[in-house]
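Student: Dumping the structure here so I can ask a few things about it.
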Amino acid sequence: MLQASPERLARDLGVLANDIGVRLAGTSGERAAADHIIARAREIGADTREEIFPVQSRVVAEEQLEVQIHGEWRPFPCSLFSNTPGTNGDWRTAEIAVLAPTDYQRDDLGHLRGKAVIHLGCHIESRESYRRLMSASPAFLLMVDTRYPGPTPLADGMFPAYTAAIGAVPTLNVAHKDSWDWVRRGATHARCRIAGGMVPATSQNIVIDLAGTDRADEVLFVGGHHDTQAASPGADDNASGVIGVLELARLLHDRPRRRTIRLISFGAEEQLSVGSSTYVRTHRREVSEHGRLMYNLDAYGSALGWLQLHVNAYPDFEASFRPHFRAANLYYQTVTSVVPYADHFPFAAAGLPAVFHYRLNCNAGRFFHHRPDDDVSRVSVEVVARDVSAVATWLDEMATARTLPFTAGIPERDRPAIAACWDDLFGGWSA
């Protein structure tokens, strides 16, 4: 089995999460991460290129939230959603209303007009629901991530395809515990002030090619993303993926192979895989006709936890890598439902067998999800090295095989759900 180096992984992890830190899409932090990836790939001797694409970058100088409880205004922490506007530095005040997921069953959401809406759930996973909410003209939204009860606001974003088509109001992530206390204590009004918002910028995909020989036109895609959410150094999400991509390049660069291995570090994943979807739209014909698989590494370095593989493929695809994982004493849960929240998904939409490699440490995911404490103390480079070693050994075999030992394409049962998510959440092929 090929062996990844924990020492090399730790050095790259330190650069990304400690030296650079927060790497929001379109900012200097994301740019610094891209430069580091390019430099490391070229040190290896790999053919490396950069593909630039436009994004909206979250640039916030100040964000304030106050809630009125028993006539007294009290401050609370908050985080502006990406792809939503600020308030031009002005205070916006409104009466509080609560919107639960079941409230979307109402015929009319007009009762939310002009309100500060406490929204239970951090994702609105229906374009029609989002359109109805925006048509109600709330003053602003206070989003509660109900997966993670606690005292810390997480960071997140509204889907860019939704906001581009329908518009947005100021939207703040707030702590689950705070929202609970507001309702229990009879809070009546909220006001927010955000200096800054979204500005036009550029992001980048870094493409590292390990060229094949007699089957070089057959491409094995591997991905991770180098951006983070607001205020998070993103050690696990997703410096773990980037250091894995770089280590795979090191392990596989000098190996003989027939097929091309294309490793990509995507930008702007935290805005719903903008980099990955841009790559697939830009190279749609090449991906669909010459791509053979997509394996995505994202947030899999947690020191305590278990591995979960989200697989959209025929069963023999998983069978191709399972023996290599077993040889490394690496066991996992297999999830075959469609999950559109990682960079494998646009490749699945293009028809490629696709995997999202992810490690949980609680039933909701990871307890430090999108938080400022997603730092290097959360990541075990030994866990990362073990996983990367198994993936590298499998990819090495796939790159040299006379014929690939799995069925091409996406199973019929998955295609309607993938197409529906691609069209609704991402805006389809014409976005």
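The values are calculated or read from the model by the stated rules, or taken from the named source; none is laboratory data. What you are looking at is a predicted structure, and each value in this text was computed from that prediction instead of being measured. Cβ sites come from the backbone with ideal geometry, for glycine too, and all protein chains shown count toward neighbours. For accessibility, only protein heavy atoms count, side chains too; no ligands or nucleic acids. Shrake-Rupley method; radii C 1.70, N 1.55, O 1.52, S 1.80 Å.
Student: Using the Kirkwood radius over Cα pairs, work out the Stokes-Einstein diffusion coefficient for the range 1-157 at 37 °C and 0.692 mPa s, in µm²/s as a whole number.
Tutor: Details: Rh = 19.3 Å.
Using the Kirkwood radius from Cα pairs, D works out to 170 µm²/s.
Student: Work out, step by step, the length gained on full extension between residue 88 and residue 3: first 0.36 nm times the residue separation, then minus their alpha carbon distance; give nm to one decimal. Display every interim value, and only then the final one.
Tutor: Values: separation 85, 0.36 × 85 = 30.60 nm, distance 5.23 nm.
Extra length available between residue 88 and residue 3 comes to 25.4 nm.
Student: Then there is this: What accessible area per residue, rounded to a whole number of Å², is obtained for the range 250-349 using a probe radius of 1.4 Å?
Tutor: On the way: 3370 Å² over 100 residues.
Per residue, the range 250-349 has an accessible area of 34 Å².
Student: Still on this structure: Evaluate the range 229-334: find the radius of gyration of its Cα atoms, find its Kirkwood radius, and give the ratio Rg to Rh. Walk me through the numbers on the way to the answer.
Tutor: Details: Rg = 15.3 Å, Rh = 16.0 Å.
For the range 229-334, the value is 0.96.
Student: Oh, and also: Over 10 Å intervals from 0, what percent of Cα-Cα pairs in the range 357-403 sits in each interval?
Tutor: Taking every Cα pair in the range 357-403, the percentages come to 21, 38, 25, 14, 3.
Student: At a probe radius of 1.4 Å, what is the per-residue accessible area of residue 48, in Å² to the nearest 10?
Tutor: Only protein atoms counted, so the area is about 20 Å².
Student: If you don't mind, there's one more thing I want to ask. What is the Cα convex hull volume of the range 157-241 when expressed per residue in Å³? Can you show the working numbers first?
Tutor: On the way: hull volume 15.6 nm³, N = 85.
So the per-residue hull volume is 184 Å³.
Student: Another one. With the calculation restricted to Cα positions, what are the radius of gyration and Dmax of the range 161-313 in angstrom?
Tutor: 20.3, 70
Student: Less than 14 Å Cβ to Cβ from residue 254, Lys/Arg counted +1 and Asp/Glu -1: what total charge do the surrounding residues give? Let's see the in-between values first.
Tutor: Numbers: positive: 250, 255, 257; negative: 43, 47, 247, 396.
The answer is -1.
Student: Right, next: Expressed in nm², what is the orientationally averaged projection area of the convex hull enclosing the Cα positions of the range 366-431?
Tutor: 8.3 nm²
Student: Report, in whole Å, the centroid distance computed from the Cα atoms of the range 263-279 and the range 120-147.
Tutor: When both Cα centres are located, 24 Å separates them.
Student: Using 18 Å as the cut-off for backbone N distance, which residues of the range 107-131 belong to the label zone defined by a point 7 Å from the Cα of residue 185 along Cα→Cβ?
Tutor: Those under the cut-off are 118.
Student: So if we plug the beta-carbon distance of residue 28 and residue 333 into 1/(1 + (r/R0)^6) with R0 = 35 Å, what FRET efficiency do we get, rounded to 0.05? Intermediate results must be reported in sequence, preceding the final value.
Tutor: Details: r = 38 Å, r/R0 = 1.08.
Computed FRET efficiency for residue 28 and residue 333: 0.40.
Student: Same structure again: By the gyration tensor of its Cα atoms, with a ≥ b ≥ c the square roots of the eigenvalues, what is the shape of the range 324-411: rounded for a/c under 1.5, prolate for a/b over b/c, or oblate? Please report the intermediate quantities before stating the final value.
Tutor: Details: a/c = 2.32, a/b = 1.38, b/c = 1.68.
Oblate shape, in that a/c is at least 1.5 and b/c is the bigger or equal ratio.
Student: Report the FRET efficiency, 1/(1 + (r/R0)^6), for residue 408 and residue 137, where r is their Cβ-Cβ distance and R0 is 56 Å, rounded to 0.05.
Tutor: 0.70
Student: Let me ask something additional. Ranked by accessible surface with a 1.4 Å probe, highest first, in what order do 36, 253 come?
Tutor: Numbers: 36 20, 253 45 Å².
Order by accessible area, largest first: 253, 36.
Student: Please get the size of the charge dipole for the chain, origin at its Cα centre, with Cβ charges of +1 on Lys and Arg and -1 on Asp and Glu, quoted in debye to the nearest 20. Before the final figure, lay out the partial values.
Tutor: On the way: 43 positive and 52 negative charges, 66 e Å.
So the dipole magnitude of the chain works out to roughly 320 debye.
Student: Return one number: the angle in degrees, 0 to 90 and rounded to the nearest 10, between the long axis of the Cα atoms of helix 315-327 and the longest principal axis of the Cα atoms of the chain.
Tutor: Once rounded, the angle reads 80 degrees.
Student: Can you give me the pair-distance distribution of the range 93-185, C-alpha pairs, 5 Å bins, whole percents?
Tutor: Taking every Cα pair in the range 93-185, the percentages come to 3, 14, 26, 27, 20, 9, 2, 0.
Student: Where the centroid of each part is defined by its Cα atoms, how far is the range 362-431 from the range 10-55 in Å?
Tutor: 20 Å
Student: At 0.36 nm per residue, and after removing the present C-alpha to C-alpha distance, how many nm does the segment from residue 74 to residue 146 gain when stretched out fully?
Tutor: Additional length available on full extension: 23.7 nm.
Student: Determine the distance separating the Cα centre of the range 59-118 from the Cα centre of the range 181-232; give it in Å without decimals.
Tutor: 23 Å
Student: Further question on the same structure: Give the percent of DSSP beta bridges with both residues in the range 276-431 that are antiparallel, rounded to the nearest 5.
Tutor: Numbers: 9 of 17 bridges.
Beta bridges within the range 276-431, antiparallel portion: roughly 55 percent.
Student: Given a 1.4 angstrom probe, what's the average accessible area per residue across the range 120-196, in square angstrom?
Tutor: Details: 2830 Å² over 77 residues.
Here the per-residue accessible area is 37 Å².
Student: With a point put 7 Å past each Cα toward its Cβ, work out how far residue 258 is from residue 373 in nm, to one decimal.
Tutor: 5.1 nm
Student: May I ask you to rank 1, 198, 158 by accessible area, largest first, using a 1.4 Å probe over the protein chains only? Don't skip to the answer; put the middle values down first.
Tutor: Numbers: 1 100, 198 45, 158 10 Å².
Ranking 1, 198, 158 by accessible area, largest first, yields 1, 198, 158.
Student: Something else: Between residue 111 and residue 166, what is the spin-label point distance in nm, taking each point 7 Å from the Cα along the Cα→C-beta axis?
Tutor: The modelled label-to-label distance comes out at 2.0 nm.
Student: Something else now. For residue 401 and residue 282 in the same chain, what is the full-extension length gain: residue separation times 0.36 nm, less their Cα-Cα distance, in nm?
Tutor: Contour length minus the Cα-Cα distance gives 40.0 nm.
Student: Still on this model: Viscosity 0.890 mPa s, temperature 25 °C: Stokes-Einstein D of the chain from its Kirkwood Cα radius, in µm² per second? It would help to have the intermediate numbers written out before the result.
Tutor: Details: Rh = 22.2 Å.
The calculation lands on 111 µm²/s.
Student: How would 182, 73, 91 rank on accessible area, largest to smallest, probe 1.4 Å?
Tutor: On the way: 182 5, 73 70, 91 110 Å².
Most to least solvent-accessible, the answer reads 91, 73, 182.
Student: Same structure, new question: At 1.4 Å probe size, with the rest of the protein present, what percent of the exposed accessible area of the chain is carbon and sulfur atoms?
Tutor: Roughly 50 percent, rounded to a whole number.
Student: By the scheme Lys and Arg +1, Asp and Glu -1, what is the net charge of all other residues having a beta-carbon under 9 Å from that of residue 343? Mind showing how you got there, number by number?
Tutor: Numbers: positive: none; negative: 269, 298.
That works out to -2.
Student: So, with +1 on the Cβ of K and R and -1 on the Cβ of D and E, and no other charges, what is the size of the charge dipole of the range 90-189 about its Cα centre, to the nearest 20 debye?
Tutor: Working: 11 positive and 11 negative charges, 17 e Å.
In total the dipole reaches around 80 debye.
Student: Using helices alone, I'd like the mean residue ellipticity at 222 nm for the chain: each DSSP H run of four-plus residues gives -39500 (n - 2.57), total over residue count, nearest 500. If you can, show how the numbers build up before the last one.
Tutor: Numbers: 12 runs with 129 residues, N = 431.
Taking each H run of at least 4 residues, the total per residue is -9000 deg cm²/dmol.
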